[in-house]
Amino acid sequence: MTTIPGRALHYVFKIGDRARNAFFFRNILGMQVLRHEEFKEGCDAECNGPYDNRWSKTMVGYGPENTHFVIELTYNYGVKSYEMGNDFGGITIYSKDILKRAAQNSYPVAKQGDSNVLTSPDGYNFYIVESSPTASSDPVQQVELNVTNLAATRKYWHELLNMNLVNETDNSILLAYNAKQTSLRLTLLNKPLNRAKAYGRIAFAVPGSVQKPLFDAVTKAGGTILKPLITLDTPGKATVTVLILADPDGHEICFVDEEGFTELSELEPNAGDQLDKYIRKDPFQENK
């Protein structure tokens, strides 16, 4: 494979309570609801996990999806919680305002070394650095996943998926397709990795012309193909083609075509109102 013109897009979290999460991501982290979509049945690419039921997808972040790394909140109606594993490390955000909002709302902040840690209602960690990002960078600076073999991880992500190696230590590697994008840190876990039920998925956009050569390269290398180039429809929106892979530790990776995703991910001015409407209508939502 030659260098891939990839773009980091988002990380997927399964959530059990949309109201509590809406408060955390909007009022504590200060993110904006960018788009909200409702689905009547499970996703062919298991975007909502292995569930064939009604579900919703809410994209939240600090700016439009074509310029920012965002969070995808996946909610399965009727599922109130998910067993947490140790596969997800955390997301690092640069902000001078988050800790102030946390204090104003009496939201707990833990200390982990020099880091300030906020934990979402479902148990996902966010590491807050009290510093403003530069004008050209995203507040979401880094996504961290845990791995069990750095050599195998490096070979897969750097050599096979062609992510650029930004930094390397004895216990982690930092990668990115572009230095101005949110980076991916893969950290060595000195015990068995457990993805449990709350496992997520990281997504990247690539030109459609890159997807088939990438599929061929991963297949030739004996890598795991979870979904081989399938098309996904969103009611009233663009159709996209996705390739879903799994790295040596089972971390799910989505490569979506840039052309379709750019159209699909257009900002929805009323997305926040839509989310609030469906929270109010949710028969499984206790805190209405």
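Among the residues of segment 174-190, is there at least one that is without any contact (Cβ under 8 Å) to a residue 40 or more places away in the chain and part of a strand (DSSP E or B)? Give the steps one after another, and end with the answer.
To start, the set of residues in segment 174-190 that are without any contact (Cβ under 8 Å) to a residue 40 or more places away in the chain comprises 174-175, 179, 190.
Right, trim to part of a strand (DSSP E or B) and you get 174-175.
Yes, because at least one residue in segment 174-190 is without any contact (Cβ under 8 Å) to a residue 40 or more places away in the chain and part of a strand (DSSP E or B).
So for segment 216-233 (the condition being among the small types (Gly, Ala, Ser) and under 21 Å from the mean Cα position of the chain (by Cα)), does at least one residue qualify?
Of the residues in segment 216-233, the ones among the small types (Gly, Ala, Ser) are 217, 221-223.
Restricting the remaining residues to those that are under 21 Å from the mean Cα position of the chain (by Cα) gives none.
Checking segment 216-233: not a single residue is among the small types (Gly, Ala, Ser) and under 21 Å from the mean Cα position of the chain (by Cα).
Which condition from (1) in contact with a Lys or Arg (Cβ under 9 Å, 6 or more places away or on another chain); (2) surrounded by fewer than 18 Cβ atoms within 10 Å (Cβ to Cβ); (3) not in a loop (DSSP other than H, G, I, E, B) is the one that Lys197 breaks?
For Lys197, the failing item is (3).
Every residue in segment 151-172 that is closer than 18 Å to Ala246 by Cβ and touching a residue at least 12 places away in the same chain (Cβ under 8 Å), please.
Ala152, Thr153, Arg154, Tyr156, Trp157, His158, Leu160, Leu161, Asn162, Met163
If a residue has to be among the aromatic types (Phe, Trp, Tyr) and touching a helix residue (DSSP H, G or I) at 6+ places or on another chain (Cβ under 7 Å) to count, how many in segment 1-32 make the cut? Walk me through how you get there before you give the answer.
So the first thing to find is which residues in segment 1-32 are among the aromatic types (Phe, Trp, Tyr), and the list is 11, 13, 23-25.
Subsequent filtering for residues that are touching a helix residue (DSSP H, G or I) at 6+ places or on another chain (Cβ under 7 Å) retains none.
The total comes to 0.
What is the residue count in segment 11-47 for residues that are within 22 Å of Asp97 (Cβ to Cβ) and part of a strand (DSSP E or B)? Steps first, please.
The initial filter retains those residues of segment 11-47 that are within 22 Å of Asp97 (Cβ to Cβ), namely 11, 13, 20-34.
Cutting the leftovers down to part of a strand (DSSP E or B) gives us 11, 13, 32-34.
Looking only at that region, the number is 5.
Given the criteria in contact with a Phe, Trp or Tyr (Cβ under 6 Å, 6 or more places away or on another chain) and either buried (at least 16 other Cβ atoms within 10 Å of the Cβ) or basic (Lys, Arg) (or both), does Leu161 qualify? First the steps, then the outcome.
Numbers: in contact with a Phe, Trp or Tyr (Cβ under 6 Å, 6 or more places away or on another chain): no; either buried (at least 16 other Cβ atoms within 10 Å of the Cβ) or basic (Lys, Arg) (or both): yes.
Judged against the criteria, Leu161 is not a match.
Please specify each residue of segment 245-288 satisfying the condition of being of a type in the set (Phe, Trp, Tyr) and either farther than 30 Å from Leu193 by Cα or at pLDDT below 95 (or both). Spell out the reasoning first.
Taking segment 245-288 and keeping what is of a type in the set (Phe, Trp, Tyr), we get 255, 261, 278, 284.
Those that are of a type in the set (Phe, Trp, Tyr) and either farther than 30 Å from Leu193 by Cα or at pLDDT below 95 (or both): Phe261, Tyr278, Phe284.
Return the residues of segment 184-215 that are within 20 Å of the chain's Cα centre (by Cα), under 25 Å from Ile173 (Cβ atoms) and basic (Lys, Arg); say none if nothing qualifies.
Answer for segment 184-215, where residues must be within 20 Å of the chain's Cα centre (by Cα), under 25 Å from Ile173 (Cβ atoms) and basic (Lys, Arg): Arg185, Arg195, Arg201.
Go through segment 57-107 and count every residue that is free of Cβ contacts under 8 Å to residues at least 40 places away in the same chain and either among the small types (Gly, Ala, Ser) or not in a loop (DSSP other than H, G, I, E, B) (or both).
7
Only one of (1) touching a residue at least 40 places away in the same chain (Cβ under 8 Å); (2) in a loop (DSSP other than H, G, I, E, B) is not met by Pro50, so which one is it?
Result: Pro50 passes all but (1).
Look through segment 108-133, keep the residues that are in contact (Cβ under 8 Å) with a residue 24 or more places away in the chain and in a strand (DSSP E or B), and return whichever of them is farthest from Arg20 (Cα to Cα). Quick ask: steps written out before the conclusion?
Step one: list which residues in segment 108-133 are in contact (Cβ under 8 Å) with a residue 24 or more places away in the chain, which gives 117-118, 120-133.
With the extra rule that they be in a strand (DSSP E or B), the set shrinks to 117-118, 125-129.
Working: Val117: 18, Leu118: 14, Asn125: 15, Phe126: 16, Tyr127: 19, Ile128: 20, Val129: 23 Å.
The residue in question is Val129.
Applying the selection to segment 238-288, what residues are closer than 20 Å to Arg54 by Cα, assigned to a helix (DSSP H, G or I) and either without any contact (Cβ under 8 Å) to a residue 24 or more places away in the chain or not aliphatic (A, V, I, L, M) (or both)?
Hits for segment 238-288 are Gly272, Asp273, Gln274, Asp276, Lys277, Tyr278, Arg280, Lys281.
Looking at segment 195-221, I want the residues that are of a type in the set (Val, Ile, Thr) and have a partner that is surrounded by 20 or more Cβ atoms within 10 Å (Cβ to Cβ) and part of a helix (DSSP H, G or I) with Cβ atoms under 8 Å, at least 6 apart or on another chain. Which pairs are those?
Note: pairs meeting the criteria are Val206/Leu214; Val206/Glu258.
Starting from residues that are surrounded by fewer than 18 Cβ atoms within 10 Å (Cβ to Cβ) and either touching a helix residue (DSSP H, G or I) at 6+ places or on another chain (Cβ under 8 Å) or among the aromatic types (Phe, Trp, Tyr) (or both), keep the ones in segment 117-152 and report whichever is farthest from Tyr199 (Cα to Cα).
Glu130
For the list (1) surrounded by fewer than 19 Cβ atoms within 10 Å (Cβ to Cβ); (2) under 20 Å from Leu9 (Cα atoms), I need the number of the one condition that Phe204 fails.
For Phe204, the failing item is (1).
The values are calculated or read from the model by the stated rules, or taken from the named source; none is laboratory data. Remember, it's a predicted structure, so these values are computed and weren't measured experimentally. A quick note on method: Cβ atoms are made from the backbone with ideal geometry, for glycine too, and the neighbour counts reach across all protein chains shown.
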